[in-house]
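Since the structure comes first, as structure tokens, the remarks are kept for the end.
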Amino acid sequence: MTTSCRRAVLAAFLASPSIAFSADAVRWSFDGATAEGWSPAHRLSSFTVTGGLLQTTITGSDPYMIGPVVRFDSAAYPYVELRLRSAGSGGGEVFFSSSQSPGIIAGNSVPFVLEGTGAFERIHVYMPGNPRWPCRPRA
């Protein structure tokens, strides 16, 4: 039996004045003119999409964006991979929601660190690191 879990993601970035995204995985390619369901929910400038990048600028403390709800087998896919570029170091969180733990709340997140070298970084966030993640990885 597989468990289908809902994930409304994304990261709340704590430092860095400007961030550019390029997505893989439950892939968002940003190869059109739209943000593909992502929205700047709090303390982020309007998104621009160019050249396969979703770009925004942080405008205040505790910025975050909201992504489209997706369903997937969380036991088969324990990692969320982010491809980010920032000139400033800091951290963020990937938030999730499931039928067992609904809502985008502080306890439904896994933190990550961003080096902020100005080059693209691939960040692998191990979601079962949070005990509320609904499924354990398959052996």
### Task
Can you confirm whether the stretch 81-95 contains a residue that is in a loop (DSSP other than H, G, I, E, B) and not small (Gly, Ala, Ser)?
no
### Task
Could you check, for the stretch 99-109, whether at least one of its residues is within 24 Å of Phe30 (Cα to Cα), part of a strand (DSSP E or B) and touching a strand residue (DSSP E or B) at 6+ places or on another chain (Cβ under 9 Å)?
no
### Query
Consider Tyr77 against the criteria (1) surrounded by 12 or more Cβ atoms within 10 Å (Cβ to Cβ); (2) farther than 25 Å from Ala119 by Cβ; (3) touching a strand residue (DSSP E or B) at 6+ places or on another chain (Cβ under 8 Å): it satisfies all of them except one. Which criterion is unmet?
(3)
### Task
Evaluate the stretch 115-133: report whether one residue or more is within 21 Å of Ala33 (Cα to Cα), among the hydrophobic types (A, V, I, L, M, F, W, C) and out of contact with any Gly (no Cβ under 6 Å at 6 or more places or on another chain).
no
#### Entry: Members of the stretch 57-72 that are exposed (fewer than 13 other Cβ atoms within 10 Å of the Cβ) and part of a strand (DSSP E or B)
Arg71
### Query
Has the stretch 28-39 got at least one residue that is among the acidic types (Asp, Glu), out of contact with any helix residue (DSSP H, G or I) (no Cβ under 7 Å at 6 or more places or on another chain) and at positive phi?
yes
### Query
With respect to Ile123, is the statement that it is in contact with a strand residue (DSSP E or B) (Cβ under 9 Å, 6 or more places away or on another chain) and at pLDDT below 90 true?
no
### Task
Go through the stretch 40-82 and count every residue that is acidic (Asp, Glu) and on the phi < 0 side of the Ramachandran plot.
2
### Query
Only one of (1) among the polar types (S, T, N, Q); (2) surrounded by 14 or more Cβ atoms within 10 Å (Cβ to Cβ); (3) modelled with pLDDT under 85 is not met by Ser99, so which one is it?
(2)
### Task
Pairs only if they're at least six apart or on different chains, beta carbon under 8 angstrom, first in the stretch 80-102 and farther than 18 Å from Ala41 by Cα, second part of a loop (DSSP other than H, G, I, E, B) and of a type in the set (D, E, K, R); list them, first residue then second.
Glu81/Asp24; Arg83/Asp24; Ser89/Glu115; Ser98/Arg132; Gln100/Arg132; Ser101/Arg132
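The values are calculated or read from the model by the stated rules, or taken from the named source; none is laboratory data. Predicted model, so just to flag it, every value in this text is computed and none were measured. A quick note on method: Cβ atoms are made from the backbone with ideal geometry, for glycine too, and the neighbour counts reach across all protein chains shown.
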